[in-house]
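Comments concern the structure below.
The values are calculated or read from the model by the stated rules, or taken from the named source; none is laboratory data. Predicted model, so just to flag it, every value in this text is computed and none were measured. Reconstructed Cβ throughout: ideal geometry from the backbone, glycine too, with neighbour counts over all protein chains shown.
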Amino acid sequence: MHPVHQPDGMQNIKTRLVHEGEHGERRPGGVPTALPIYTSSTYIHPDTASLDNAFNARSGDSQYVYARFGNPNTAGLEAVMTAAEGGRGAVACSSGMSALYLALLAAGTPRGSIEPHARHILASQDLYGATHTLLRDFFSAQNVPVSYCDPTDLAALRSAVQSHEPDVVLIESMSNPLLRIADIQAIAEIVHQMDARLIVDATMTTPILHQPLTQGADIVVHSATKYLGGHADVTGGIVVAANGMMVDVAQRYARLLGTCLGPFEARLVSRGIKTLALRVREQCVNAAQIAQRLSAQPGISSVIYPGLPTHPQHELAGRQFHGLYGAMISFELRNADRQAVFRFMDNLKLILPATSLGDIYTLITYPAISSHRDMSEETRHTRGINDNLVRLSVGIEDAGDIIADLDQALQNSY
Ligand SMILES: Cc1ncc(COP(=O)(O)O)c(C=O)c1O
């Protein structure tokens with residue numbers, strides 16, 4: 001069976017995102033241009049020797065036995081993401097959280113072993129809330145020590161790596177909601193000096209801004225629920241690894257734990273990825289205009305956007321993200337308490353108060369009541385996540401319309 005046809009001669013990421021992993025099985029009657037959705041849970045082989053062979057198949061071999069082990073739709077998604085990230089293979093997962101879990105298992109598995117058991121995980125202090133909880137309630141609870149550091153402070157990171165001797169380091173390419181940027185190349189060098197492995201959750205930056213594996217990371221993870229899917233209609237995740245052994249370990253645990261992505265979801269994510277380059281570039285252009293406008297608004301006391309020269313890692317962002325600055329903006333409403341923020345958000349007419357990011361729609365979230373709800377007020381404030389801070393995920397609507405909505409909501413809230 002050869003369902004995944006890969007045209008030759010495709011180099012540019014924009015081309016690969018459109019064609020890689022796509023197109024149906026070669027049949028006498030014609031090849032479907034779009035890969036069909038394979039709902040079958042089992043696969044029949046011409047003889048038992050072929051079935052035996054298919055049982056040995058690895059991710060990317062285009063051999064299927066049972067849907068929990070993989071199917072043509074997840075294989076197509078894995079192929080396009082492997083190409084997009086410059087990896088050796090990928091494992092499609094049911095969510096960003098299951099992708100992070102598998103990545104931690106794969107990175108924590110010693111070379112030559114099949115038993116996942118990290119000795120020590122060093123993680124960024126600014127991780128997505130559920131990732132923090134996964135480390136605390138799952139890994140720490142199973143006696144894997146976890147410590148935290150600020151990955152934007154390279155000296156502190158080096159000293160944490162030297163003192164804790166972690167075998168796994170986990171960071172996000174852009175933190176939430178303060179949009180701090182980690183220098184992947186510099187961090188990878190420090191991590192590799194201690195023979196540890198670096199996982200980068202690049203959900204916020206996507207392969208359009210950068211490819212962490214080509215900058216030295218060992219594993220890159222995405223919540224496909226965000227930019228990859230892009231249309232608020234699918235939940236998924238993906239792990240892409242720089243070496244085959246980590247792909248095999250991630251795949252082995254995906255099959256055992258049943259963290260597989262369904263064929264319909266894989267199709268939706270693959271379809272989203274075809275327009276990823278167009279969407280993300282448009283979102284970045286919109287975000288730059290909106291950040292400028294917000295900076296000139298007297299009702300706003302501070303704007304955090306990597307494209308503004310005032311951002312602490314503005315220069316690094318420009319270099320690392322090839323001139324793009326992402327489509328996330330955080331800002332503080334001047335002298336606003338919780339009620340004033342609620343008023344502002346309720347006055348928005350176009351921008352949606354939905355707890356996610358990376359969609360075609362512009363979304364607003366209030367970290368104090370959503371992503372950082374479980375953090376004590378004191379810790380939140382120490383981290384710089386104040387009660388007047390909101391986060392915007394800029395969509396593909398007309399920038400003028402988004403700006404007009406923000407302007408009217410500000411005017412009507414004060
Ligand atoms: C940076 C980041 N990583 C991982 C996740 C988890 O993804 P999912 O909700 O698809 O499990 C999220 C969700 O918001 C996220 O923002």
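Hey, does segment 347-367 have a residue that's closer than 15 Å to Cys284 by Cα and of a type in the set (Asp, Glu)? Yes; the residues of segment 347-367 include at least one that is closer than 15 Å to Cys284 by Cα and of a type in the set (Asp, Glu). Kindly indicate whether Val161 is crowded, with 19+ Cβ neighbours inside 10 Å, free of Cβ contacts under 8 Å to residues at least 60 places away in the same chain, hydrophobic (A, V, I, L, M, F, W, C) and touching a Lys or Arg at 6+ places or on another chain (Cβ under 8 Å). In short, no.
Against the conditions (1) closer than 30 Å to Asp153 by Cβ; (2) surrounded by fewer than 16 Cβ atoms within 10 Å (Cβ to Cβ), Asp346 satisfies every one except (1). All conditions but one from (1) among the hydrophobic types (A, V, I, L, M, F, W, C); (2) more than 16 Å from the ligand (Cβ to nearest atom); (3) in contact with a helix residue (DSSP H, G or I) (Cβ under 7 Å, 6 or more places away or on another chain) apply to Ala141; the one that does not is (3). For segment 219-231, a residue qualifies if it is surrounded by 24 or more Cβ atoms within 10 Å (Cβ to Cβ) and either within 12 Å of the ligand (Cβ to nearest atom) or modelled with pLDDT under 95 (or both), and the qualifying residues are Val220, Val221, His222, Ser223, Ala224, Thr225, Tyr227, Leu228, Gly229. Within segment 164-209, the set of residues being assigned to a loop (DSSP other than H, G, I, E, B), without any contact (Cβ under 8 Å) to a residue 60 or more places away in the chain and closer than 14 Å to Leu316 by Cβ comprises Ser173, Ser175, Ala182. For segment 173-218, the candidate set comprises residues that are acidic (Asp, Glu) and surrounded by fewer than 24 Cβ atoms within 10 Å (Cβ to Cβ); within that set, the residue that is farthest from the ligand (Cβ to nearest atom) is Asp195. Filtering segment 232-246 to residues that are over 15 Å from the mean Cα position of the chain (by Cα) and either within 13 Å of the ligand (Cβ to nearest atom) or within 16 Å of Gly262 (Cα to Cα) (or both) leaves only Asp233. Within the set Leu357, Leu261, the sole residue that is in a loop (DSSP other than H, G, I, E, B), within 16 Å of the ligand (Cβ to nearest atom) and in the same structural domain as Ser223 (by TED's automatic domain parsing) turns out to be Leu261. Within segment 243-290, the set of residues being within 22 Å of Pro207 (Cβ to Cβ) and touching a strand residue (DSSP E or B) at 6+ places or on another chain (Cβ under 7 Å) comprises Gly244, Met246, Val247, Ala250, Gln251, Ala254, Thr259, Leu261, Ala266, Ala287. Just one of the listed residues (Val234, Val239, Val303, Val280) is part of a helix (DSSP H, G or I) and either at pLDDT 95 or above or of a type outside the set (D, E, K, R) (or both), namely Val280. Screening Gly384, Gly400, Gly326 for residues that are closer than 30 Å to Lys274 by Cα and away from the ligand (no atom under 16 Å from the Cβ) leaves exactly one candidate, Gly400. Every condition in (1) more than 30 Å from Thr203 (Cβ to Cβ); (2) modelled with pLDDT of 95 or more is met by Asn56 except one, and the failing one is (2). Screening the candidates Val221, Val161 for the property of being out of contact with any Gly (no Cβ under 9 Å at 6 or more places or on another chain), more than 25 Å from Pro309 (Cα to Cα) and not in a loop (DSSP other than H, G, I, E, B) yields one hit, Val161. When segment 142-180 is filtered for residues that are under 21 Å from Gly326 (Cα atoms) and not charged (D, E, K, R), the ones remaining, listed by number, are Pro151, Thr152, Leu170, Ile171, Ser173, Met174, Ser175, Asn176, Pro177, Leu178, Leu179. Among residues that are under 17 Å from Ile329 (Cβ atoms) and touching a residue at least 40 places away in the same chain (Cβ under 8 Å), Ile364 is not included. Selection of segment 306-327 for residues being in a loop (DSSP other than H, G, I, E, B), over 19 Å from the mean Cα position of the chain (by Cα) and surrounded by 15 or more Cβ atoms within 10 Å (Cβ to Cβ) yields Gly307, Leu308, His311, Gln313. When Ile369, Ile403 are checked against the criterion of being within 21 Å of Pro306 (Cα to Cα) and surrounded by fewer than 21 Cβ atoms within 10 Å (Cβ to Cβ), Ile403 stands alone in meeting it.
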